[in-house]
Amino acid sequence: MRVIRKYANRRLYDTQQSRYVTLEDLRRLIIDEEPFRVEDAKSGEDLTRTILLSIIIEQEQADSDAEVFSNDLLAQLIRVYDMSSPLPLARYLEQGTQLMLQQQKRMQNQWQQALKHSPMELMRELAEENMRFWQRALNKPNPPKDDDDTPRS
């Protein structure tokens, strides 16, 4: 796994390539499915999540036509954090996004193979895959509660 160090001056240093990198460079690593970890240069604290959020913010601001998070969606996400028993939203979003990416790749492969299946057959298969996903997502048990089993407020 590639290690990126974040220094106090907010610069990011790729230890594998021995050079400073930008958020755009890290975005390209993500697209290329290259695993990396961002850590604080002094403490070694894992900052990967914060950097990933920064990349999302940068993309949202760069192209308003490609915005993923509307104001309404962002407000709803904030409300989820305030629920006394938060939904297992992370798992749901991860599974849904993974399904969407898999289907996109599958559609591209199907078109590249000159539609070996008819378009109706392909749509039927995608619909069945969607149904299986939703059945799995809705039938999975909730993650375990905190040790003391008391609801959060």
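Assorted remarks:
- The trypsin sites (Lys or Arg not before Pro) of region 26-116 that DSSP puts in a loop, and whose beta carbon has at most 14 other beta carbons within 10 Å, are Lys42, Lys116.
- Cβ-defined net charge surrounding Lys6, 10 Å radius [Lys, Arg +1; Asp, Glu -1]: +1
- Amide hydrogen neighbours beyond the local backbone of Val21, cut-off 5 Å, H modeled: Leu12, Tyr13, Asp14
- A cut-off of 5 Å between modelled amide H atoms, ignoring neighbours fewer than 5 places along the same chain, links Glu39 with Ile4, Arg5, Lys6, Leu47.
Just so you know, all these numbers are worked out from the coordinates, no wet-lab data involved. Bear in mind the structure is a predicted one, so any value in this text is a computation, not a measurement. Glycine gets a Cβ as well: all are built from the backbone with ideal geometry, and neighbour counts include every protein chain shown.
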